[in-house]
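J.: Shown below is the structure under consideration.
The values are calculated or read from the model by the stated rules, or taken from the named source; none is laboratory data. In this text, all values refer to a predicted model and were calculated from it rather than measured experimentally. Positions of Cβ are backbone-derived with ideal geometry, glycine not excepted, and every protein chain shown enters the neighbour counts. Side chains included, ligands, DNA and RNA excluded: accessible areas come from the protein's heavy atoms. Shrake-Rupley method; radii C 1.70, N 1.55, O 1.52, S 1.80 Å.
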Amino acid sequence: MNERITRSCDCDRVFLRRMVTSIVIAVLFVLPLAGSRQEVAKASSPDRSVGKAELSRNERMKWWREARFGMFIHWGLYAVPAGEWKGERIKGIGEWIMERADIPVSEYEPLTKQFNPVKFNADQWVRIAKNAGMKYIVITSKHHDGFCLWDSKVTDYDIIDATPFGRDILKELSKACKKHGIRLCFYHSIMDWHHPDAQAPFYPSYNDGKRSNPNFSRYVETYMKPQLKELITGYGPLGVLWFDGEWIKDWTEPQGKDLYNYVRDLQPDILINNRVGKGRKGMEGLNKGDQEYAGDFGTPEQQIPAKGLPGVDWESCMTMNDTWGYKHYDDNWKSKEDLLRKLADIASKGGNFLLNVGPTSEGLIPGPSVERLAAMGKWMKINDQSIRGTTASPIGEVPWGRCTARPGKIYLHVFDWPTDGTLEVPGIESKVKKAYLLAKKRAKLRFTRQEGGTVAVAIPAHAPDPINTVVVLEIESK
Ligand code: FHN
């Protein structure tokens with residue numbers, strides 16, 4: 001992903017002087033600090049506040065790379081119909097019901113009168129995330145349907161002015177996140193099916209990728225940007241602004257670059273995903289290769305890249321069942337085994353896992369989600385150092401599971417426990433100092449070095465953790 005998009009400006013002389021200053025600072029003080037990951041930052045970003053050098057991209061990304069695991073929350077008016085409209089079950093993802101059931105704005109808006117999540121408890125939600133081992137929460141401030149989960153000054157189509165609930169959800173969540181040391185982040189849809197200057201006039205094909213609204217730039221300048229300013233200055237500092245809905249005809253890469261700069265000017269250290277512009281290749285989520293695109297990390301959706309991507313930051317977002325927004329009859333839940341192994345798989349390829357919950361209209365995270373997150377938390381409590389802040393496997397693929405690493409340690413995530421008492425680990429070039437189960441550090445495991453860099457570790461007859469037992473090799477770091 002690329003560094004901050006440097007805006008062209010008519011103050012070239014001043015800008016040039018700043019460029020030279022930044023490059024000198026970078027050469028003398030910042031670039032040598034660059035992490036192991038390929039430093040893609042340019043030293044040319046102009047200072048945003050006089051006298052304060054801007055954080056490099058690696059410095060901004062540090063907490064996010066360390067976190068590795070976050071909670072996605074899709075919540076809004078769509079939780080009221082919960083997948084049904086006029087007695088009919090509507091196919092597809094729940095938060096798209098306005099589009100999938102051809103609901104006109106005039107019929108969708110009254111859902112606000114039924115949105116009264118009296119069981120919502122921000123502290124409880126944040127504790128569920130924290131206890132699962134998640135370090136950040138990305139919640140839909142505004143999804144495609146245009147409904148705002150905070151008290152916006154530029155519309156009444158929000159939680160305070162339009163619903164009987166009358167509490168500022170995002171304000172309460174912001175407070176709870178600060179209390180528990182969790183980074184609050186917002187998902188914000190560029191596409192807006194409610195706003196007359198955006199996609200509302202395209203009813204019933206709100207998502208018509210071929211149509212343009214002549215007033216779209218008015219929506220961007222007088223509505224979307226002011227709302228983003230409200231969110232960043234009123235509920236921040238934020239960890240990430242997670243844009244979506246960028247695939248519409250009215251949105252372009254230059255607008256994405258402008259929005260990236262606009263947001264970073266409001267909060268210089270914020271992270272922004274690659275859906276702010278037009279860089280991503282569909283659900284694969286990584287950037288097309290033909291030019292520099294705005295955004296700090298790639299966003300594979302409902303999938304995990306086949307291999308690690310050296311020097312690229314990416315985050316796989318996934319549902320726990322088949323929908324992002326709540327549907328009362330979607331019980332196709334992924335098992336805790338599947339979710340835990342996905343977490344290890346993603347980390348073994350150097351990515352982050354953004355796992356979704358879709359709360360009900362009462363404000364509750366569904367029970368099956370809570371159970372799975374508790375199980376993941378139990379595993380993370382023992383094994384989180386094999387995920388948190390690790391880098392991709394240094395030894396490629398292994399037949400029995402996955403690997404992650406940090407300087408001096410290789411973590412062997414064993415899914416298929418060998419029955420012959422020996423775990424064969426290929427490609428270990430460094431000297432192995434010791435081996436042990438992460439869950440039982442003091443019980444050292446014997447190991448021998450075989451031909452061609454394979455290390456054979458003597459392991460117990462039965463897997464201590466049938467889902468993922470972590471064996472640690474401490475090595476002489478280069
Ligand atoms: O259309 C959205 C969808 O509702 C959901 O928010 C996902 C999650 O990333 N993103 C878009 C589909 O790619």
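J.: Return a yes/no flag: does the range 215-223 have any residue that is open to solvent by 10 Å² or more (accessible area, probe 1.4 Å), more than 16 Å from the ligand (Cβ to nearest atom) and touching a residue at least 40 places away in the same chain (Cβ under 8 Å).
T.: Yes, the range 215-223 has at least one match.
J.: Hey, could you check the range 337-365 for residues that are in contact with an Asp or Glu (Cβ under 9 Å, 6 or more places away or on another chain) and part of a loop (DSSP other than H, G, I, E, B) and say which is farthest from I410 (Cα to Cα)?
T.: G358
J.: Just to check your reading of the model, which residue among K119, K153 is open to solvent by 10 Å² or more (accessible area, probe 1.4 Å) and in contact with a helix residue (DSSP H, G or I) (Cβ under 7 Å, 6 or more places away or on another chain)? Reasoning before the result, please.
T.: Working: K119 fails: in contact with a helix residue (DSSP H, G or I) (Cβ under 7 Å, 6 or more places away or on another chain).
From the options K119, K153, the qualifying one is K153.
J.: Given the structure, is I272 in a loop (DSSP other than H, G, I, E, B) and open to solvent by less than 10 Å² (accessible area, probe 1.4 Å)? Walk me through how you get there before you give the answer.
T.: Values: in a loop (DSSP other than H, G, I, E, B): no; open to solvent by less than 10 Å² (accessible area, probe 1.4 Å): yes.
When the stated conditions are applied, I272 does not pass them.
J.: May I ask you to list the residues in the range 72-88 that are more than 13 Å from the ligand (Cβ to nearest atom) and either at pLDDT below 95 or not in a helix (DSSP H, G or I) (or both)?
T.: Listed by number, the residues that qualify are V80, P81, A82, G83, E84, W85, K86, G87, E88.
J.: Additional query: Among the residues of the range 207-259, what is the count of those that are farther than 30 Å from F69 by Cβ and part of a helix (DSSP H, G or I)?
T.: 14
J.: Could I ask something else about it? Only residues that are touching a helix residue (DSSP H, G or I) at 6+ places or on another chain (Cβ under 7 Å) and either within 18 Å of T360 (Cα to Cα) or free of Cβ contacts under 8 Å to residues at least 12 places away in the same chain (or both): list them for the range 126-141, please. Don't jump to the end; show me each part of the working.
T.: Residues of the range 126-141 touching a helix residue (DSSP H, G or I) at 6+ places or on another chain (Cβ under 7 Å): 126-128, 130-133, 135-137, 139, 141.
Listed by number, the residues that qualify are V126, R127, I128, I137, I139, S141.
Every residue, every condition in (1) more than 26 Å from P164 (Cβ to Cβ); (2) within 16 Å of the ligand (Cβ to nearest atom); (3) within 18 Å of the chain's Cα centre (by Cα); (4) assigned by TED's automatic domain parsing to the domain that holds E362, yes or no:
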position	(1), (2), (3), (4)
K91	yes, yes, no, yes
R100	yes, yes, no, yes
V105	no, no, no, yes
T112	no, no, no, yes
K119	no, no, no, yes
Q124	no, no, no, yes
I128	no, no, yes, yes
Y136	yes, yes, yes, yes
S141	no, yes, yes, yes
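J.: Consider W96 carefully, then state whether it is assigned to a loop (DSSP other than H, G, I, E, B), within 15 Å of the ligand (Cβ to nearest atom) and buried (at least 21 other Cβ atoms within 10 Å of the Cβ). Write out each step before concluding.
T.: Details: assigned to a loop (DSSP other than H, G, I, E, B): no; within 15 Å of the ligand (Cβ to nearest atom): yes; buried (at least 21 other Cβ atoms within 10 Å of the Cβ): yes.
No; evaluated as a whole, the condition is false for this residue.
J.: Scan the range 306-336 for residues that are at pLDDT 95 or above and assigned to a loop (DSSP other than H, G, I, E, B) and report the count.
T.: Matching residues across the range 306-336 total 18.
J.: Give the residues of the range 227-254 that are open to solvent by 40 Å² or more (accessible area, probe 1.4 Å) and either within 15 Å of the ligand (Cβ to nearest atom) or out of contact with any helix residue (DSSP H, G or I) (no Cβ under 7 Å at 6 or more places or on another chain) (or both), sorted by residue number. Don't jump to the end; show me each part of the working.
T.: Initially, the range 227-254 is screened for residues open to solvent by 40 Å² or more (accessible area, probe 1.4 Å), giving 229, 233, 237, 247, 249, 252, 254.
Result: P237, W247, K249, T252, P254.
J.: While we're on this one: Just the residues that are out of contact with any strand residue (DSSP E or B) (no Cβ under 7 Å at 6 or more places or on another chain) and surrounded by 15 or more Cβ atoms within 10 Å (Cβ to Cβ), please, taken from the range 407-438.
T.: P418, G427
J.: Same structure, new question: Within the range 64-115, which residues are of a type in the set (D, E) and under 30 Å from A347 (Cα atoms)?
T.: Within the range 64-115, E66, E95 qualify.
J.: Identify the single condition in (1) open to solvent by 10 Å² or more (accessible area, probe 1.4 Å); (2) modelled with pLDDT of 95 or more that G166 does not satisfy, given that it satisfies every other one.
T.: Of everything listed in (1) open to solvent by 10 Å² or more (accessible area, probe 1.4 Å); (2) modelled with pLDDT of 95 or more, G166 misses just condition (2).
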